[in-house]
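Handing you a structure now.
The values are calculated or read from the model by the stated rules, or taken from the named source; none is laboratory data. None of these values were measured; they are calculated from a predicted model. Cβ sites come from the backbone with ideal geometry, for glycine too, and all protein chains shown count toward neighbours. For the accessible areas, the whole protein counts, side chains as well, though only heavy atoms, and no ligand, DNA or RNA atoms are used. Shrake-Rupley method; radii C 1.70, N 1.55, O 1.52, S 1.80 Å.
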Amino acid sequence: MENSKINWTDHTWNPWVGCRSVSAECDHCYADTMVTNRMGRDFGIVQRTKTWKDPIKWNRKASALEAELGRRVRVFNASLTDFFLQDADAWRDEAWDVIRQCQDMDWLILTKRPQLIPSRLPKDWGEGWPHVWLGTTCGVSKSYARLDALREIPAAIWFISAEPLLESVADINLDGFHWLIAGGESGSGFRPMQDSWALELRDACERRRVGFHFKQHSAFKPGQGVELDGKLHREPPLVQIAR
């Protein structure tokens, strides 16, 4: 999707859609609702989409948009699926080829399955591609193991999505990470987030020199309440990348 409404990215690209629940953060999955109700697809069946040419188009316009934004253009890769899901193994090399071609944008790949990444990286990954960020979801303490798994994989930027933030994760280990996104759950039956949980993460990020981005409070509609403690928190990743 060009011009995404997600406030930490500019575009979203889903070369396939569909997924399966793996943890508490999945219980009220917005992607499941969107794919099932709006697209009329079975979310449990992973299906290839017709969006494969979109990133090439966006990449051609990236320089102009970068000048307007004052930063590099961001693409959230796989917002309606998991990029490393086993069901997509047949298409992933082709998707990596698209990402390889589009180096004028930064690609943010967020997964709940970091343990599957090593065997699914492109052969020329090396120490990581400069325009690809790797992230994992951690909104409950039971997901801490994902952080350890991701730290084992070289990347230009490591990031954490503490969304939906479902409990205090004040003792989270931020070693090695450059950026953290925090946010409450949205949608019917959303589970409320306490402000104190997000403030704990903000303070932890400040102590560890990790960029902190607060996305939203918990509410029925996404994007309701984007200020935390009376102000916006949209700090970029605190790292210099050699390009």
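Work through the residues other than Ser119 whose Cβ is under 14 Å from its Cβ and net out their charges, Lys, Arg +1 and Asp, Glu -1.
Numbers: positive: Arg92, Arg113, Arg120, Lys123; negative: Asp89, Asp93, Glu152.
Combined, the nearby Lys, Arg, Asp and Glu give +1.
With a ≥ b ≥ c the root eigenvalues of the C-alpha gyration tensor of the stretch 64-147, is it rounded (a/c under 1.5), prolate (a/b larger than b/c) or oblate? Working shown, then result.
On the way: a/c = 1.96, a/b = 1.31, b/c = 1.49.
Oblate is the answer for the stretch 64-147, as a/c is 1.5 or above yet b/c matches or exceeds a/b.
Moving to a separate point now. Looking at the chain, what % of its DSSP beta bridges pair antiparallel, to the nearest 5?
On the way: 4 of 33 bridges.
Once the DSSP bridges in the chain are tallied, antiparallel ones form about 10 percent.
So what is the calculated 222 nm ellipticity per residue for the chain, using -39500 (n - 2.57) for each DSSP H run with n of 4 or more, over all residues, to the nearest 500 deg cm²/dmol?
-6500 deg cm²/dmol
Can you give me the Rg/Rh ratio for the stretch 145-206, using Cα atoms for both radii and the Kirkwood formula for Rh? It would help to have the intermediate numbers written out before the result.
Numbers: Rg = 12.5 Å, Rh = 12.5 Å.
In the stretch 145-206, Rg relative to Rh is 1.00.
Keeping all protein chains in place, calculate the accessible area per residue for the stretch 1-43 (probe 1.4 angstrom), answer in Å². Could you put the intermediate results ahead of the total?
On the way: 2270 Å² over 43 residues.
That works out to 53 Å² for each residue.
Using Cα pairs closer than 8 Å and at least 6 residues apart in sequence, work out the relative contact order for the stretch 112-243, in percent. List each step's numbers first, then the result.
Details: 274 pairs, mean separation 26.1, N = 132.
Once divided by the residue count of the stretch 112-243, the mean separation gives 20 percent.
Would you work out what percent of the accessible area of the chain, with all protein chains in place, is carbon or sulfur (probe 1.4 Å)? If you can, show how the numbers build up before the last one.
Details: 5580 of 11540 Å².
Carbon and sulfur atoms account for 48 percent of the accessible area of the chain.
What is the sum of charges around Lys215, taking Lys and Arg as +1, Asp and Glu as -1, for the other residues whose C-beta is under 10 Å from the C-beta of Lys215?
Summing Lys/Arg as +1 and Asp/Glu as -1 gives 0.
Once you have a ≥ b ≥ c as the square roots of the Cα gyration tensor eigenvalues for the stretch 11-78, tell me rounded if a/c is under 1.5, and otherwise prolate or oblate according to whether a/b is larger than b/c. Could the numbers behind the result be given before it?
On the way: a/c = 3.17, a/b = 1.94, b/c = 1.63.
The shape class here is prolate.
Continuing with the same structure: Can you say what percent of the DSSP beta bridges in the stretch 15-134, counting only those with both residues inside, are antiparallel? Round to 5. Show your work: numbers first, answer last.
Values: 2 of 11 bridges.
Approximately 20 percent, going by the DSSP bridge assignments.
Normalised by the number of residues in the chain, what is the relative contact order in percent for Cα pairs under 8 Å and 6+ residues apart? Working shown, then result.
Working: 486 pairs, mean separation 34.4, N = 243.
Answer for the chain is 14 percent.
Taking every alpha carbon pair in the chain, what does the distance histogram look like in 10 angstrom bins from 0, in percent?
Per 10 Å bin, starting at 0, the Cα pair percentages come out as 7, 33, 39, 20, 1.
Mind checking the stretch 172-221 for trypsin sites (Lys or Arg not before Pro) that DSSP puts in a loop (not H, G, I, E or B) and that have at most 16 other Cβ atoms within 10 Å?
The qualifying sites are Arg209.
If you don't mind, another one. Pairs of Cα atoms under 8 Å, at least six residues apart: use those to get the relative contact order of the stretch 1-115, whole percent.
Values: 162 pairs, mean separation 37.9, N = 115.
Relative contact order comes out at 33 percent.
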